[in-house]
Amino acid sequence: MSESTELDIDAFRSALSRFATGIGVVTTLDSAGEKIGITISSFNSVSLDPPLILWSIGLDSMSYDVFTEVDCFAVHILARQQEELCDRFAQRGNNKFASLDCREGLHGVPILPDFAACFECSTEHIYPGGDHKIVVGRVHRFEERETEPLIYYRSRFLHNESAPD
């Protein structure tokens, strides 16, 4: 296999979409104390001891500088009924936290009122990953709730019906 392979990016994206994934929202505070949040679909456990998770952020994200410079953040795994929240935090600009009754987590990081699970973390490592950075967080506190997660598959939300072909 050659070291350099040219791929059809659209076909590659389509093949990747065959992997069902949960959806999350990552929140933090910027240097001015403003709440910042983004939707993610790249999330994974790394280690149980120490407790580590990872997620990635695009180099072109408007929040890139904030998330690659902060010491603390929270990852919220969204519940099945939170499609609107997913869409809200996926948009650029606007006040994503409007009308949300967030509580303060560790170091003041905003914690969303609803989620399937939430992991409050400190930044452990940041690694290059092509057009993204991979953020590894040490989990200091977590909470889970009895609800089904929001699942994304083939570029759309997957509901309780059978999966699309």
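The values are calculated or read from the model by the stated rules, or taken from the named source; none is laboratory data. Here the structure is a predicted model, which is why all the values come from computation and not from measurement. Using ideal geometry, Cβ is built from the backbone for each residue, glycine included, and neighbour counts are taken over all protein chains shown.
A few remarks follow.
- Remark: pairs (first residue in segment 20-44, touching a residue at least 24 places away in the same chain (Cβ under 8 Å) and crowded, with 16+ Cβ neighbours inside 10 Å; second residue among the polar types (S, T, N, Q) and assigned to a loop (DSSP other than H, G, I, E, B); Cβ separation under 6 Å; 6+ apart in sequence or on different chains) = Thr21/Ser41; Ile23/Ser41; Ile36/Ser63; Ile38/Ser63.
- Some residue of segment 90-97 being closer than 25 Å to Gly130 by Cβ, touching a residue at least 60 places away in the same chain (Cβ under 8 Å) and either surrounded by fewer than 15 Cβ atoms within 10 Å (Cβ to Cβ) or out of contact with any His (no Cβ under 8 Å at 6 or more places or on another chain) (or both): no
- The single residue among Cys86, Cys102 that is of a type outside the set (A, V, I, L, M), within 24 Å of Asp60 (Cβ to Cβ), modelled with pLDDT of 95 or more and touching a Leu at 6+ places or on another chain (Cβ under 9 Å) turns out to be Cys86.
- Exactly one residue among Leu48, Leu16, Leu7, Leu52 is out of contact with any strand residue (DSSP E or B) (no Cβ under 9 Å at 6 or more places or on another chain), of a type outside the set (Asp, Glu) and at pLDDT 95 or above, and that residue is Leu48.
- Selected residue (criterion: surrounded by the most Cβ atoms within 10 Å (Cβ to Cβ)) from residues of segment 80-89 that are closer than 16 Å to Ser42 by Cα and not charged (D, E, K, R): Phe89
- Flag if His107 is of a type outside the set (D, E, K, R), outside any strand (DSSP E or B), touching a Leu at 6+ places or on another chain (Cβ under 9 Å) and farther than 21 Å from Asp131 by Cβ: yes
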